[in-house]
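Participant: Shown below is the structure under consideration.
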Amino acid sequence: MSGPLLMLSVGLRFTAKFAGAVFFILVPFVASSLAVDNAQTLIPVFLIGSAASQFCVGALSETFGTRRILLTQLACLVAGTILCGAAFNFASMLVGVAVQSIGVGAMGGIGNTLIFDRCHNQAKATRALSFTSVIVIWAPALAMNLGLVIARADWRYFFYLQACWGFALWGTSFITVPTNSVSSEPARRRLVAAVNSYGTLLVKFEYTRIAARMCLAGGGIVVFYTSALPYLQAWAGPSHIGVGVVPILVVAANSVGRIVAGTLATKVSAERLGRIGSTTCLLATVTMTGFALLQTNPLWTFLPFIVYVVGVGVMFSSQRTELMVASAGRPVTSESLIGILTSVSGSVFAVLSPFVTSISPDVPTGISLLLLSMTIVSCLRSNWLNWLKAMTIRLRPQKTLRPRPTTVDRAVQTVSPGRL
C-alpha cells in the first residue's frame, strides 16, 4: 500500500472522530455567542446526520464508486464547517452542522476500506489498521483540548481551521484515490442491490456474531464514561487531579491493545486475536466484580477496567478485519453498517447503565455486574445467534411438501402399460 494513501486513510478516520468530539467543548461558547439556551441540540443533530450519512454512503459507494462519494463527502465537510463558522443565528448554525455531519458520517469507514482494499493479505490489513488506529483514537482528546484553547479567542476560528483541513483532504483524495470500477448494470438496479446488501449482511450470522461482539465490547466503554467516570468525580471531588487523568489512561490502554494486535497480526490469526481480547476483557470484569463485592476502594474496583480496554483494543483491530472478510466483497457497506450498529448500541448502553446502577446496591457493583454479563455474552464462542436461529427453525411448524413431478415422470404417466 502506498504511503500517501495510507496517510489519507489515517487523515479521514482522524477527521471523523475529531469533528464529532469538538461539539462537546464548543457548545457552551456557541450558546453564549448566539444567545440561545438549547445549544445542546447541535449534538443530536450531528449524530443523527452522521448515522443517516453512514446508511446512505454505504449503498451509494457500491453504486457510483468510492472515489466520487468520498469527494462529495469532503465537499460537504468543507461547506458545512464554513457555514458553522459564518453562522449569524442558531438556525444557520443547525444547517451548517447538518451539512457537516453528512460529510463526516462514513468518512472513517471509507478510510478503513482504503486499507482493506489495498492489503489483500488479512494479516497485513489487521496490522495496518491496528497501528494506524493508535493515532486515530487520540483525535477526541486533541479536539477537546485544541477546541478549548481556540474557543477562548473565538470559536469560529476552529471551524475555519477545520475547513482548511477538509480542503486539504479533498485535494489529497482527488490525487491519490483511484477510480474503482463499478458494474455496467443500470444505476437504479445497482442502488437497490446495495441497499438490499444491508439486509443480507444482517441475516448472515457470521457477520452478525462478530458485529455483536464489537458492539458489546464498545458498549463497555460507553458504560464506563456514562456511569463510572461521573461516580469517580463525585467520590473524589473536583479538586482531585487524578480523576482527570482517567480518560487519558483509557485512550492509552486502547492504544496498547491495538499495538499488541498489530504486532501479533502476522503470527496469530484474526480469530485467535479476537479470543485473546475477549478473554482479557472477561478476566478484567471478573476482577472488577470481585473488588466491588468486597466493597473495596472504588479506585481499586475500576483499576482493572484499564486491562478491559486493552482487550477491547485487541478485539476491535482483529474483529474489524474479520468483518471485512465476512462482508463478501462489500467493504464500504460493512463499515457503514457496523458504524450504525455501534452508534445505536452505544446509545442503548448509555440509557441502560444509569438504570442498572439505580437498582443495584451501589454504583461500582452495578457497573461491574453489567460489564461482566456483557463480556460473558460476547465471549460465547459457540454461535449463540446460530443457536437462536436453530431454535426458531425447530419451533416453527414444518410443512410436508410433495415433490413436484418432473418431465420424465409426466411422460411415464402418460404412456400406457401396454406400450411399456
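The values are calculated or read from the model by the stated rules, or taken from the named source; none is laboratory data. Only a predicted model underlies this, so the values are computations on that prediction, with no experimental measurement involved. Glycine gets a Cβ as well: all are built from the backbone with ideal geometry, and neighbour counts include every protein chain shown.
Participant: When region 1-39 is examined, which residues are found to be at pLDDT 80 or above and of a type in the set (Ser, Thr, Tyr)?
Facilitator: Once the filter is applied, which keeps residues that are at pLDDT 80 or above and of a type in the set (Ser, Thr, Tyr), region 1-39 yields Ser9, Thr15, Ser32, Ser33.
Participant: Conditions: (1) in contact with a Gly (Cβ under 7 Å, 6 or more places away or on another chain); (2) buried (at least 21 other Cβ atoms within 10 Å of the Cβ). Ala87 meets all but one. Number of the miss?
Facilitator: The one condition Ala87 does not meet is (2).
Participant: Please verify whether Val36 is β-branched (Val, Ile, Thr), surrounded by fewer than 23 Cβ atoms within 10 Å (Cβ to Cβ) and outside any helix (DSSP H, G or I), treating the condition exactly as stated.
Facilitator: Yes.
Participant: Of the conditions (1) surrounded by 13 or more Cβ atoms within 10 Å (Cβ to Cβ); (2) modelled with pLDDT of 75 or more, Ile175 clears all except one; give me its number.
Facilitator: All conditions are met except number (1).
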